[in-house]
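Input: a single structure, listed below in structure tokens.
The values are calculated or read from the model by the stated rules, or taken from the named source; none is laboratory data. Predicted model only: the values in this text are computed from it and were never measured. Cβ placement follows ideal geometry from the backbone for every residue including glycine, while neighbour counts extend to all protein chains displayed. With ligands, DNA and RNA removed, areas are computed over all heavy atoms of the protein, side chains included. Shrake-Rupley method; radii C 1.70, N 1.55, O 1.52, S 1.80 Å.
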Amino acid sequence: MDFLILYEHTVREYESDLLLKMELERRGYTVEIRQLLDPKHLRLFGKDKPEVLVSSCMYDNEAINSHVYNNIGRCNKIVNLHWEQMLSDTQEQGDWFNMNGNAKRCVQTCWGQRTAKRLQAHGMEEKNTPVTGAVMMDFLRPEFKGYFKDKAALCQEFGLDPGKQLHLYISSFGYASMSEEEVAELSRMAGTDFTGFAKTNRVSMTETLAWFDRYLGEHPEVELVYRRHPSEWKCRALDELAARRPNFHVIFADSVKQWIVAADSISIWMSTAIAEVFMAGKSCHILRPVPIEHEYDPVIYRDARYITSYEEFAAAMAESNPPFPIAREVIEGYFDPSPVPAYKRMADLLEDVYRNPPRDTPMGEGFTPHFNALKFVALAGVHWLYRHKWEPRKVFAFCPPLANFAQRIYGYVDKAHIPPEEIRRMEDRIRPYVK
């Protein structure tokens, strides 16, 4: 195998990974896409060992060990698609998101010049910080005109009234659905206390849903689609609002870009999808019922225009063509404008990495590999249960700690699963645009 692409969040990454895969295959390479929690296959350590490992994230030696060594063994050709580049000022200055240890020796792709310069300022070499643009933005380029369904087709597919105004809300309340224990565990892992930010998530979500509840009651002519963040779980508050307001819909299917293209109006909290709204030639409103701590707020939102009250929200919803709330030069600093689509620039980079000796030695001095046999066995077991639709909470009811642990993994596996027929549909949809 020439390239193995690993993804984490299906909705955030898979469409872009598939576009990149099909371009590489068009060039004559062999490519496979796998999810981070897929069972580990011994063939990938031997006869099908890839020449280049393309990861979704790569922050430190532990990530190299988990995402690379435990999937394919030793490999020094590691390219990170680097899906988290819209950070807060504190995150931009801290160690975690500026790569630690041998992760600095991996090829960390950058969507724009600002990210490349930041990584270089924190000790990375220019050869390992290439600017490629963001592949997910390519679907919004003129070359992909006709790729997305129009509003009428999308509404018909999901049982919405195409005659009503379609409002999209792009959520980022991932911490709101976490338990206190999960927040504490994440805080320990990242070395940052997320307790306050988790509270801000919960308060912001509660207030925002209260705005929607009131507005939808006053405006039955509006269909509001609540778009969950990939790390956000469906919760009781959403179910209750959907039961109370028939024009409120929680929909996670299809890409956020598809909903952006079809929507009549858009609002957002702190998602980096605001850049996709910009690339689609649309505008949006930033809803901030309460302030977000600056250490968590993406720097792209600095000096943006916010809506902070229900009255402002109701007035904004009546605007037919609102100005974009963030300056153009800020967006383009993080998302490199280029006449060449990012997926072609990324494929050029991967081709260069494939054809030439490793640019660096991620698995060289300073890296100590260790094979996680427990994870190898646990993932195989959970996937076996998933294929048979046997939930761990029932199978392991005799041992609650084991049942809870396995059920959590089972939930992530289910969330990331893509049926083969859906993959074929996506391939058929992308293929006419890969020339």
Would you confirm, using the coordinates I've provided, whether Val250 is surrounded by 15 or more Cβ atoms within 10 Å (Cβ to Cβ), touching a helix residue (DSSP H, G or I) at 6+ places or on another chain (Cβ under 7 Å), over 23 Å from Tyr306 (Cβ atoms) and not acidic (Asp, Glu)? yes
Of the criteria (1) surrounded by fewer than 18 Cβ atoms within 10 Å (Cβ to Cβ); (2) within 29 Å of Val330 (Cβ to Cβ), which one Glu32 fails: (2)
Of the residues in region 74-92, those that are open to solvent by less than 10 Å² (accessible area, probe 1.4 Å) and farther than 20 Å from Glu13 by Cβ come to Ser88
In region 217-240, which residue that is hydrophobic (A, V, I, L, M, F, W, C) and farther than 27 Å from Ala318 by Cα is most open to solvent (accessible area, probe 1.4 Å)? Trp233
By residue number, the members of region 141-152 that are under 14 Å from Pro339 (Cα atoms) and open to solvent by 30 Å² or more (accessible area, probe 1.4 Å) are Arg141, Pro142, Glu143
Quick check on Arg188: is it over 21 Å from the mean Cα position of the chain (by Cα), farther than 18 Å from Ser88 by Cα and surrounded by fewer than 13 Cβ atoms within 10 Å (Cβ to Cβ)? yes
Has region 326-344 got any residue that is of a type in the set (Asp, Glu), under 25 Å from Val31 (Cβ atoms), in a helix (DSSP H, G or I) and open to solvent by less than 70 Å² (accessible area, probe 1.4 Å)? no
Do we find a residue being in contact with a Cys (Cβ under 9 Å, 6 or more places away or on another chain) and in contact (Cβ under 8 Å) with a residue 12 or more places away in the chain anywhere in region 237-258? no
What are the residues in region 355-410 that are under 30 Å from Gly101 (Cβ atoms) and either surrounded by fewer than 11 Cβ atoms within 10 Å (Cβ to Cβ) or without any contact (Cβ under 8 Å) to a residue 24 or more places away in the chain (or both), if any? Arg355, Asn356, Pro357, Glu365, Thr368, His370, Ala373, Leu374, Val377, Phe405, Arg408
Residue list for region 298-321, filter: open to solvent by 20 Å² or more (accessible area, probe 1.4 Å) and assigned to a loop (DSSP other than H, G, I, E, B): Arg302, Asp303, Arg305, Thr308, Ser309, Ala318, Glu319, Ser320, Asn321
Scanning region 328-363 residue by residue, the ones that are over 22 Å from the mean Cα position of the chain (by Cα) and at pLDDT below 95 total 4
Condition first: surrounded by 20 or more Cβ atoms within 10 Å (Cβ to Cβ) and among the polar types (S, T, N, Q). Now tell me which residues in region 53-73 satisfy that. Ser55, Ser56, Asn71
Per the list (1) in a helix (DSSP H, G or I); (2) modelled with pLDDT of 95 or more; (3) surrounded by 22 or more Cβ atoms within 10 Å (Cβ to Cβ); (4) not β-branched (Val, Ile, Thr), residue check on Ala243 breaks on (3)
Of the residues in region 97-140, how many are at negative phi, part of a loop (DSSP other than H, G, I, E, B), buried (at least 19 other Cβ atoms within 10 Å of the Cβ) and touching a residue at least 60 places away in the same chain (Cβ under 8 Å)? 7
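One line per residue, one yes/no per condition, for (1) part of a loop (DSSP other than H, G, I, E, B); (2) closer than 29 Å to Glu143 by Cα; (3) not acidic (Asp, Glu):
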| residue | (1), (2), (3) |
| --- | --- |
| Lys394 | no, no, yes |
| Asn404 | no, no, yes |
| Gln407 | no, no, yes |
| Glu422 | no, yes, no |
| Glu427 | no, yes, no |
| Arg431 | no, yes, yes |
Region 266-290, subset open to solvent by 20 Å² or more (accessible area, probe 1.4 Å) and among the polar types (S, T, N, Q), residue nearest to Ile300 (Cα to Cα): Thr272
Looking at the structure I just gave you, is Arg214 farther than 23 Å from Glu312 by Cβ and modelled with pLDDT of 95 or more? no
Need pairs with beta-carbon distance below 6 Å; first residue modelled with pLDDT of 95 or more and within region 24-36, second of a type in the set (D, E, K, R); sequence gap 6+ or separate chains. Tyr29/Asp2; Thr30/Asp2; Val31/Lys21; Val31/Glu25; Ile33/Asp17; Ile33/Lys21
Return the residues of region 17-29 that are in contact with a helix residue (DSSP H, G or I) (Cβ under 6 Å, 6 or more places away or on another chain) and either under 17 Å from His229 (Cβ atoms) or open to solvent by 30 Å² or more (accessible area, probe 1.4 Å) (or both); say none if nothing qualifies. none
